[in-house]
1. Hey, what number do you get for the chain at 222 nm if only DSSP H runs of n ≥ 4 count, each worth -39500 (n - 2.57), divided across all residues, to the nearest 500?
2. How about the stretch 24-67: which GluC sites (Glu not before Pro) there are in a DSSP loop, with at most 16 other Cβ atoms within 10 Å of their Cβ?
3. Just to confirm the filter: which trypsin sites (Lys or Arg not before Pro) across the stretch 1-64 are DSSP coil and have at most 11 other Cβ within 10 angstrom of their Cβ?
4. With charges set only on the Cβ (+1 for Lys and Arg, -1 for Asp and Glu), what does the dipole of the chain come to about its Cα centre, in debye to the nearest 20?
5. Could you work out the relative contact order of the chain, using alpha carbon pairs under 8 angstrom and six or more residues apart, expressed as a whole percent?
6. Can you sort Glu85, Glu75 so the residue with the fewest Cβ neighbours within 10 Å comes first?
7. Can you bin the stretch 40-147 into rounded, prolate or oblate? Criterion: square roots of the alpha carbon gyration tensor eigenvalues sorted a ≥ b ≥ c, rounded for a/c under 1.5, prolate for a/b above b/c, oblate for the rest.
Amino acid sequence: MSQENVEIVRQVFAEASRHADRTGPVVDALDHDSMAVVYEFLDPQIEFHTDPRLPEAGIYRGVEAVRAYWGQFGESFDEFIFEAEDIIGLEDGRVLVLMRLLSRGKDSGARVEARPGWIYTTRDGLVIQIDAFVDRADAFEAVGLSE
């Protein structure tokens, strides 16, 4: 396990939180300045793999594709916040991030709270791949662990 990889992911959340004037390890996906900080940590050739159960499921390659993907949420949500609850370094150098997701639909006002798990792969101080799972159990399974 590389503590360096864990620190890179912690830094993403910490800097995005400070930039958006939030407390704790939080990324506000609708705050342009906060997301600009996140994009600085992404390798230009990043691959973002979304959960296959999502309507927009797929692999988004490159920072601009990832930026466009997140840009679509601004159209449907008034709130879309990720709070890192636990950041776990894995033996293979990847990092498992267990999050609390808070969202609110723009038209419906419906609030949703979820507990996703994302797997980050880093190289040379940048995130080169993210595997996003809606359900933490799926993320644990993908890395060969149990909750």
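1. Calculated mean residue ellipticity at 222 nm is -9000 deg cm²/dmol.
2. Glu56
3. Taking the stretch 1-64 and a limit of 11 other Cβ atoms within 10 Å, the loop trypsin sites (Lys or Arg not before Pro) found are Arg53.
4. 160 debye
5. Working: 310 pairs, mean separation 33.4, N = 147.
It rounds to 23 percent for the chain.
6. Glu75, Glu85
7. Taking the square roots of the gyration eigenvalues as a ≥ b ≥ c, the stretch 40-147 is oblate.
Any read-out appearing in this document is the output of simple, stated calculations on the displayed coordinates, not a laboratory observation. In this text the structure is predicted, and so the values were computed from the model without any measurement. For neighbour counting, all protein chains shown are included, and Cβ atoms are generated from backbone atoms with ideal geometry for every residue, glycine included.
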